[in-house]
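As structure tokens, the structure follows; a few thoughts come after it.
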Amino acid sequence: MSLRWLTQPVVAGNQLWQILAFFGILLLSLAVGRILRFALDMAARREKARREWVGVVMRSAGRPVVYVAGAIGLWIAIDAEILATSPGFQAILDTVSSVLLAVAIGYGVYSLVDAVDFFLGR
């Protein structure tokens with residue numbers, strides 16, 4: 001069985017393995033983010049019975065984890081320069097990934113408003 005089909009097709013100057021590696025990194029980062037969110041939600045449920053504020057903070061912190069992980073995965077995939085792109089297009093991709101990462105971090109900070117609301121409501 002020959003695996004030549006993995007290296008022969010070319011799309012926009014990229015071989016199939018390059019495209020699969022790029023999207024594989026994205027998929028892996030999103031899966032890691034989803035696992036982290038699930039773990040934070042489970043820990044938040046356990047901690048909420050003992051210390052309610054810890055549960056609220058964990059749930060608030062868990063909300064943006066998938067988006068942050070996806071933005072970090074995109075940044076890693078673009079920074080690794082797996083795809084064959086022109087220097088100008090690579091600069092655009094770098095800018096887009098930086099903006100998405102900044103938005104993800106901002107969303108993470110925004111999500112912690114629930115924890116602040118909890119403390120102010122006491």
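Throughout, read-outs are computed from the coordinates displayed, never taken from laboratory work. Note that this is a predicted model, so its numbers are computed, not measured. Here the Cβ positions follow ideal geometry from the backbone for every residue, glycine too, while neighbour counts run over all protein chains shown.
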Provide the gained length on full extension for the span L120 to K48, in nm with one decimal, where the gain is 0.36 nm per separating residue minus the Cα-Cα distance. 24.2 nm
Say a paramagnetic label sat at a point 7 Å from the Cα of L26, along Cα to Cβ; which residues of the stretch 53-70 have their backbone N under 17 Å from it? 66-70
Give the shape of the stretch 35-108 as rounded, prolate or oblate, defined through the alpha-carbon gyration tensor: a ≥ b ≥ c are the square roots of its eigenvalues, a/c under 1.5 means rounded, and otherwise the shape is prolate if a/b is larger than b/c and oblate if not. prolate
Karplus 3J(HN,Hα) series, Hz, for the stretch 71-88 with 6.51 cos²θ - 1.76 cosθ + 1.60 (x for Gly, Pro): 5, 5, x, 5, 4, 5, 5, 6, 5, 6, 6, 6, 7, 7, 10, 6, x, x
Please give the FRET efficiency for Q15 paired with A102, using the beta carbon to beta carbon distance and R0 = 35 Å, rounded to the nearest 0.05. 0.65
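Under a point-charge model restricted to the Cβ atoms of Lys and Arg (+1) and Asp and Glu (-1), what is the dipole moment magnitude of the chain relative to its Cα centre, in debye to the nearest 20?
Working: 11 positive and 8 negative charges, 129 e Å.
Using Cβ point charges on Lys, Arg, Asp and Glu, the chain gives about 620 debye.
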Residues S111, S29 in order from fewest to most other beta-carbon atoms within 10 Å are S111, S29
